[in-house]
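So the structure is just underneath, and the comments pick up after that.
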Amino acid sequence: MKRDRDLRDLVKLYSDEMKPVPTGGKKLPDGSVLEVVRNDVTSKVELLHWEDGESAISAEFFCGGKRYVPSHEAVHLKWLPSGASSYLSTRDLFEELQAFIVLGLNASSESATQLAHFCLASFFGDVIALF
């Protein structure tokens with residue numbers, strides 16, 4: 001019966017949408033971006049959703065018929081940001097990252113500089129269009 005088939009198709013569509021898609025960060029089909037963050041009150045791993053210069057944090061986000069959740073592996077990350085923050089310039093961001101590496105990893109200034117370069121050079125590869 002057509003009605004039964006339509007109902008089955010609707011149930012399948014709903015259940016596929018409800019199935020979680022684990023992510024550690026992703027550029028979504030609509031151009032927005034998901035990042036993994038840690039809630040500084042509950043210590044739970046959540047997702048930060050960037051879209052048009054605005055951000056929101058939640059345990060899950062829906063986009064393109066999919067439900068995105070933080071990956072299981074993300075809970076094992078020692079350091080995660082707790083949200084979005086502004087910075088004055090790229091140099092200031094680099095210097096803050098460098099200082100974090102020195103303190104967090106007890107690294108030398110030279111090693112921290114190299115690691116900061118690597119972090120910034122490799123972090124945005126999945127979201128920056130080169131051509």
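The values are calculated or read from the model by the stated rules, or taken from the named source; none is laboratory data. This structure is a prediction, so every number in the text was calculated from the model and none was measured. Every residue, glycine as well, gets a Cβ built from its backbone with ideal geometry; the counts of neighbours run over all protein chains shown.
Of the candidates S86, S43, the single residue that is at pLDDT below 85 and assigned to a loop (DSSP other than H, G, I, E, B) is S86.
Here A74 qualifies as among the hydrophobic types (A, V, I, L, M, F, W, C), closer than 30 Å to T113 by Cα and at pLDDT below 90.
In the set (1) in contact with a helix residue (DSSP H, G or I) (Cβ under 8 Å, 6 or more places away or on another chain); (2) without any contact (Cβ under 8 Å) to a residue 40 or more places away in the chain; (3) surrounded by 17 or more Cβ atoms within 10 Å (Cβ to Cβ), the condition left unmet by L34 is number (1). Only a single criterion out of (1) within 18 Å of the chain's Cα centre (by Cα); (2) modelled with pLDDT of 75 or more; (3) assigned to a loop (DSSP other than H, G, I, E, B) is not satisfied by A107, namely (1). The single condition among (1) touching a Lys or Arg at 6+ places or on another chain (Cβ under 9 Å); (2) not in a strand (DSSP E or B) that L34 does not satisfy is (2). The set of residues in the stretch 63-88 that are under 13 Å from K26 (Cβ atoms) and hydrophobic (A, V, I, L, M, F, W, C) comprises C63, V69, A74. Scanning the stretch 1-34 for residues that are over 16 Å from S71 (Cα atoms) and at pLDDT 85 or above yields P29, D30, G31, S32.
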